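Data block below; observations after.
Just so you know, all these numbers are worked out from the coordinates, no wet-lab data involved. Quick caveat: nothing in here was measured; it's all calculated off a predicted structure. When we count neighbours, we look across all protein chains shown, and the Cβ atoms used for this are built from the backbone with ideal geometry, even at glycine.
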Amino acid sequence: MKQVTFPRKALIPLAVSMALLVGCGPQQSVTTADSAAPTTITAVSESEKANALFEQIFMDNVRRNPITQTRLGIKDDYDKWQDLSDAHYEAGLALTQQHLTLLQAINSDKLDEHTRVSYLLMQRNLEQELAEAKWRLYNYPVNQMFGIHSQVPSLLINQHSISDVSDAKAYIARLNAVPTLFQQLQHQLQQRADAGIIAPKFVFPLVISASENVIQGAPFDNGDEGTLLADFRKKVAKLDIDDSAKKLLLDEAKVALLTSVKPAYNQLINYLTELEQTADTVDGVWRFKDGAEFYNAALKRTTTTNLTAEQIHQIGLDEVARIHQEMHDIMDKTDFKGDLAAFFKFMQTDPQFYYPETADGKAEYLKDATAMIDNMRGRLDELFIVKPKAAMIAKAVEPFREQSAGKAFYQQPSMDGSRPGIYYANLYRMSDMPKYEMEALAYHEGIPGHHMQLAIAQELEDMPKFRRFGGYTAYIEGWGLYTELLPKEIGLYQDPYSDFGRLAMELWRACRLVVDTGIHAQKWSREQAIDYLIANTPNTPSAIEKAIERYIVMPSQATAYKIGMLKIVELRQKAKTELGDKFDIRQFHDTVLKNGAVPLDVLEQLVDEYIAATKA
């Protein structure tokens, strides 16, 4: 999963509307020169005009969000958080309309083929943003998956680097700005509550607990040093300044933590505790006014198709039946005696499939996952022409967010090479990370999955930034799931239990089609969705409960994986059938990757062009 993974206003059209407010997404870096004054369009040809406008639109939106700037490596507003006010949102909407007007002034008939694709994508992005303004309140600004409450420590720890004193001062300024940020957040939460849009009751204890974790430890109490102070101390210790200057910075940070961060979190916790009293246990978005219309719009955006909730639900049921049959074949290979439910129970409970719940067990998991990725890296020439230049590492999810974070996700590398791509494995509970799923999970999040697709995309030199740093969930997650299957085709997954793990993960994504549409369109309860996964997958009850809670707060997002994978597999089979002996898997993958993330209908057009060109 790309840390959904992955949303930024106007930059990433995949943005699940449940995350529009928080600005999370893939993290990259561009040079600070890109943050200069707005681009002056002086180009001659229509293609040059269009590409200059794409750059202007991208940078206009980057300038509006300090969080996006930090993730891109720009330090212009390094001391600020994003503006959550209504006025800022309305100004952004007006800017989007201005951008669309400028785009429409370009004669698209005179664009070269490459630029025409970018034009159509930009047009779709801008029109979609304007059309979806009606759903602005249809999200949960804080939830157990992401939110402003967890963004504060996550961004400071993972993206706010300190290379000089001014960076340290900016870090402290951000600490002192948390009260204003949380006041705006509370206003947004209240607006939604007034409109009847409140997160389900189960969300609140998880969010409150995560918020309490941020203000534990020194200087908040007499315990060990808290997460933020420890991070600040570690970064400041590396500065080339004298010890007295370092102490002054640390003292300033402690004051900010005590007088700004702690009161802000306490106030937020108190507000959430009150809001929890008005929450209920009905989970689907169908309960909102115009909820069915909202969900259909979310499905269209997420899958980049016109598939209805009913069609997606049926696709899921059909895929579940097919994968169950393939699992029966694995049972035969392992001479297992019993039915599929008994096999699931065996895989859930047999100690051979799990690492110890110890520090050594977690270290062993990361070591073995890294070895799998390294082995796959050595086989890339068999499948790919272009490969990413950026490095990639495997890392455990940090303790402060591991209890509520997803099972695994990927963080993109920085453009300057200072930060590698990172495959995060959540090792909070080792019983949720079975050995038989390790291989498929490493391929999906690392190589040849998200690291191949996302790192290559940002390294495309002739691609507009809005395409290099943007994305579409169905394409990105469809590629991730497709690349779980791909290694099997070159002889990996030698262990039948590991191959079962691959099928188990594919089954998981097929079931998502069923439960996501079940919850949000067919009025399933949380318990009904949990029961379906317990009956049809080998996953543990705790993992299932966490997953269903994710689908509840991120409606439609989970449908992207299987819909995207099915389209890529369909297009590959189409190319193989039409090209015969001329089909080259490496050229097919080059076609899929060299244009960055695109909607599935655009991907189909690109593959059709590849087929035609190869035939010619």
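Data for the structure
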| item | result |
| --- | --- |
| Antiparallel bridges, percent of DSSP beta bridges restricted to the chain (to nearest 5) | 40 percent |
| Residues 395, 337 arranged by fewest to most Cβ contacts within 10 Å | 337, 395 |
| Within the chain, helix-based [θ] at 222 nm, where runs of 4 or more DSSP H residues each add -39,500 (n - 2.57), nearest 500 | -18000 deg cm²/dmol |
| Residue 306/residue 578 FRET efficiency (R0 22 Å; Cβ-Cβ; nearest 0.05) | 0.35 |
| Formal net charge of residues neighbouring residue 323 (Cβ-Cβ distance under 13 Å; K, R +1; D, E -1) | -2 |
| Qualifying lysines (Cα of each under 30 Å from Cα of residue 238; at least 8 residues distant if same chain) | 75, 80, 169, 246, 247, 254, 262, 362, 367, 389, 395 |
| Dipole magnitude (debye, nearest 20) for the chain, charges at Cβ of Lys, Arg, Asp, Glu | 540 debye |
| Gyration tensor (alpha-carbon) shape descriptor, the stretch 62-207, a/c threshold 1.5 | oblate |
| Selection from 74, 422, 406, by position along the positive dipole direction of the chain (Cβ) | 74 |
| The chain, Rg to Rh (Cα coordinates; Rh as Kirkwood inverse mean 1/r) | 0.95 |
| Shape category assigned to the stretch 334-428 from the gyration tensor of Cα positions, a/c cut at 1.5 | oblate |
| Reciprocal mean inverse distance between Cα atoms of the stretch 467-591 - Kirkwood radius, Å | 16.1 Å |
| More than 15 Å apart - percent of Cα-Cα pairs taken over the stretch 284-337 | 63 percent |
| Local net charge near residue 221, Cβ-Cβ under 12 Å (Lys/Arg +1, Asp/Glu -1) | -2 |
| Additional length obtainable on full extension of the chain from residue 239 to residue 324, 0.36 nm per residue less Cα span | 25.0 nm |
| Net length gained if the chain between residue 385 and residue 222 were fully extended (0.36 nm per residue, minus Cα distance) | 53.1 nm |
| Pairs beyond 30 Å (Cα-Cα), from 387/465; 465/615; 337/567; 407/576; 594/615; 407/574 | 465/615; 337/567; 407/576; 407/574 |
| Within straight-line cross-link reach of residue 300, aspartates and glutamates at Cα separation under 17 Å, skipping those fewer than 8 residues along the same chain | 127, 129, 132, 290, 310, 477, 516, 601, 604 |
| Förster-model FRET efficiency, 22 Å R0, residue 281 and residue 542, C-beta, rounded to 0.05 | 0.70 |
| 10 °C / 1.306 mPa s Stokes-Einstein diffusion coefficient of the stretch 64-113, Kirkwood radius on C-alpha pairs, µm²/s | 120 µm²/s |
| All aspartates and glutamates inside 15 Å of residue 110 as judged from Cα atoms, apart from same-chain residues fewer than 8 positions distant | 46, 48 |
| Local electrostatic count at residue 488 - Lys and Arg +1, Asp and Glu -1, tallied over other residues with Cβ under 10 Å | -3 |
| Leading residue at positive end of dipole, the stretch 553-616 (Cβ point charges), from 577, 560, 596 | 560 |
| Peptides ranked, highest mean first, by Cβ atoms within 10 Å: ranges 450-461, 123-134 | 450-461, 123-134 |
| Signed unit charges on C-beta, dipole axis of the stretch 467-536, positive-most listed residue 518, 501, 487 | 518 |
| Which of 444, 324 has the fewest Cβ neighbours within 10 Å, and the rest in rising order | 324, 444 |
| Packing-based exposure ordering (other Cβ within 10 Å, fewest first) of 269, 162 | 269, 162 |
| Whole-number D in µm² s⁻¹ for the stretch 401-466, Kirkwood Cα-pair radius fed into Stokes-Einstein, 20 °C, 1.002 mPa s | 162 µm²/s |
| Rg over Rh [alpha-carbon atoms, Kirkwood Rh] for the stretch 518-616 | 1.16 |
| Extension reserve of the residue 183-residue 396 stretch, reckoned as 0.36 nm per residue once the Cα distance is removed | 73.5 nm |
| At q = 0.14, 0.19, 0.20 Å⁻¹, base-10 log of I(q)/I(0) for the stretch 197-276 (Debye sum, equal scatterers on each alpha carbon) | -0.56, -0.82, -0.88 |
| Rg and Dmax of the stretch 308-347, Cα atoms only, in Å | 13.1, 41 |
| Whole-Hz couplings from phi, Karplus 6.51/-1.76/1.60, listed for the stretch 515-530; x for Gly and Pro | 7, 5, 5, x, 5, 9, 10, 9, 6, 5, 7, 4, 5, 5, 5, 4 |
| Label-point separation, residue 605 to residue 134 (7 Å along Cα→Cβ), nm | 2.6 nm |
